[in-house]
Amino acid sequence: MKGQETSEATSVTFQAAVQLRKRALTVEEGKFLGSEEELMEALGVSRPTFRQVARLLSHEQVLTIKRGVGGGFFARRPTLATVSRAVAAYLESRHTSLQQVREAAQGAFRKGVELAAQSDNQAARARLARLREGLVAAEARQQSAPLLLALESELESILGELSGNPAIELCLTTFNQFGAEQSTTKLYANHPGRVQAWNEASIRCVDAILAKDPQAARDRFAERSELLNRWIAAETGEMAGKEPRVVAVG
């Protein structure tokens, strides 16, 4: 009986969270959703259950709780950075490898670069053109690994924006966040040849997107992806005694 009661309580909490989350996400950010009493009545739950739901949605950044006069519950929007950090933390907790994340992200990258090459988002395209200037300048002065990763982070941010697809944007941002937390700098530290190769490959990718050539963009990113796959394999010892495995992106 006790187990059944726990299951029912969990179900009530879950359903109440679903209802309140939808309510918060269908109105403008900052809009007043109601007082505790009003929302308890609307959801048909007890005070302890409602407070559990409110804490959950506050943690998700879907809800803001304000105390005192003029207080109550207000709609909020989770940020891309917060969500990607949470996903990256989950992946790390499951001992996910960098290669596993890349394999999962390849489809998003492939579609993302196609959409980016077709995008008419002029503001984002202008950002990409400025990034290209940064890549060329960095190449001329033999950029460092930290600078390379900073430029890569900016590139993935622009690709996400150009794609116009929030799911792809989240995937690219999560990969970048996970890579940063896994210290991917070690792939390039003391490897100036890799830094140069990555920089040159990135410029070719950017050029294809700026030229609005989806097929060329896919091909250039496939080439760049293969470089990284080989370097990751080399660092993890997967290349010992065998030819490098080609991972098709296109």
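The values are calculated or read from the model by the stated rules, or taken from the named source; none is laboratory data. Keep in mind that this is a model prediction, so the values were computed, not measured. Reconstructed Cβ throughout: ideal geometry from the backbone, glycine too, with neighbour counts over all protein chains shown.
Given the conditions (1) within 30 Å of residue 221 (Cα to Cα); (2) modelled with pLDDT of 85 or more; (3) of a type in the set (Lys, Arg); (4) surrounded by 19 or more Cβ atoms within 10 Å (Cβ to Cβ), which single one is not true for residue 102?
Failing condition for residue 102: (2).
Can you tell me how many residues within the range 153-176 are among the hydrophobic types (A, V, I, L, M, F, W, C) and either at pLDDT below 85 or over 19 Å from residue 111 (Cβ atoms) (or both)?
1
Output the residues belonging to the range 110-129 that are aliphatic (A, V, I, L, M), out of contact with any Asp or Glu (no Cβ under 8 Å at 6 or more places or on another chain) and over 11 Å from residue 217 (Cβ atoms).
Residues satisfying the conditions are 123, 126, 128, 129.
Counting just the residues of the range 24-57 that are among the basic types (Lys, Arg) and without any contact (Cβ under 8 Å) to a residue 24 or more places away in the chain, which one comes out surrounded by the most Cβ atoms within 10 Å (Cβ to Cβ)?
51
Let me confirm something: among 179, 241, 250, which residue is within 23 Å of the chain's Cα centre (by Cα), modelled with pLDDT under 80 and either in a loop (DSSP other than H, G, I, E, B) or not assigned by TED's automatic domain parsing to the domain that holds residue 133 (or both)?
250
With a cut-off of at least 3 residues that are under 30 Å from residue 31 (Cβ atoms) and not hydrophobic (A, V, I, L, M, F, W, C), name the helices (runs of 4 or more DSSP H) lying wholly within the range 48-158.
Helices (runs of 4 or more DSSP H) meeting the threshold: 80-93.
Kindly indicate whether residue 166 is assigned by TED's automatic domain parsing to the domain that holds residue 99 and without any contact (Cβ under 8 Å) to a residue 12 or more places away in the chain.
For residue 166, the condition - assigned by TED's automatic domain parsing to the domain that holds residue 99 and without any contact (Cβ under 8 Å) to a residue 12 or more places away in the chain - is met.
Give the number of residues within the range 105-122 that are within 18 Å of residue 151 (Cα to Cα) and at pLDDT 95 or above.
Residues flagged as within 18 Å of residue 151 (Cα to Cα) and at pLDDT 95 or above within the range 105-122 amount to 1.
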